[in-house]
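Okay, structure first, notes after.
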Amino acid sequence: MAEQWVPLRDLPAEGREFSFSDPAFWDQAWREYRLHCSMGKEPLAAVLRVLPQDDGVYLEGRLTGTVIMPCDRCARPTEIVLDAPFQEFEPYPDDEGTDEDGDEPRIREKHGRFELDAGTLVWEQFVLALPFKPLCSETCKGLCPTCGADLNEGPCGCDEGGLDPRLAALRTLKLS
């Protein structure tokens, strides 16, 4: 993952703001996770505010921009608008190097100073902001399962009445 370690030393009480808008950050993560995305009209940007607490850091931010992904039904390139606020708390790791849930923490101690892996946090927020099924439109008809034609452009001419021969045994099934 595109790790971006941010030093947590000398954070003022009002916190500090960090910005992630470098296209290379997103491109690297998309390649690594084989996600078919590209930058849309509005470049992706994440603003992250880190506020120090006694036992960790409070994080609040917003992810905005557009990405182009294939439609889940017809595979056409589709622009997805993202505007996702987020809030999270990251505790300082314990002596074993895990957080209170036993997970690998996003905060590590290096040379006696704490660092936050903001890159992983921002990537996680990006994945959570993506729609479950990206669609070019709510009325997208998808592709013909027989010939693969885009049904949004009109009917393909395949026989719609044909039943799948693999399901022939179910036609004789009688329910009582």
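The values are calculated or read from the model by the stated rules, or taken from the named source; none is laboratory data. Please read all numbers here as calculations on a predicted model, not as lab measurements. Every residue, glycine among them, receives a Cβ derived from its backbone with ideal geometry; neighbour counts consider all protein chains shown.
Computed quantities for the displayed model
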| read-out | value |
| --- | --- |
| From the options GLU60, GLU17, GLU42, residue that is loosely packed, with under 15 Cβ neighbours inside 10 Å and part of a strand (DSSP E or B) | GLU17 |
| Pick from region 45-56, criterion touching a strand residue (DSSP E or B) at 6+ places or on another chain (Cβ under 9 Å) and at pLDDT below 90, ranking: surrounded by the most Cβ atoms within 10 Å (Cβ to Cβ) | GLY56 |
| Hits in region 68-89 (condition: in a strand (DSSP E or B) and in contact (Cβ under 8 Å) with a residue 60 or more places away in the chain) | MET69, PRO70 |
| Candidates ALA46, ALA75 - the one that is touching a Phe, Trp or Tyr at 6+ places or on another chain (Cβ under 8 Å) and in the same structural domain as GLU124 (by TED's automatic domain parsing) | ALA46 |
| Qualifying residue in region 21-37 (condition: exposed (fewer than 15 other Cβ atoms within 10 Å of the Cβ) and part of a strand (DSSP E or B)) | no |
| Restricting region 1-14 to residues that are of a type outside the set (A, V, I, L, M) and assigned to a loop (DSSP other than H, G, I, E, B), the residue that is farthest from ARG113 (Cα to Cα) | GLU14 |
| Residue list for region 71-91, restricted to those being within 28 Å of GLY154 (Cβ to Cβ) and of a type outside the set (Val, Ile, Thr) | CYS71, ASP72, ARG73, CYS74, ALA75, ARG76, PRO77, GLU79 |
| Qualifying residue in region 51-64 (condition: β-branched (Val, Ile, Thr), over 19 Å from ASP83 (Cα atoms) and assigned by TED's automatic domain parsing to the domain that holds ARG113) | yes |
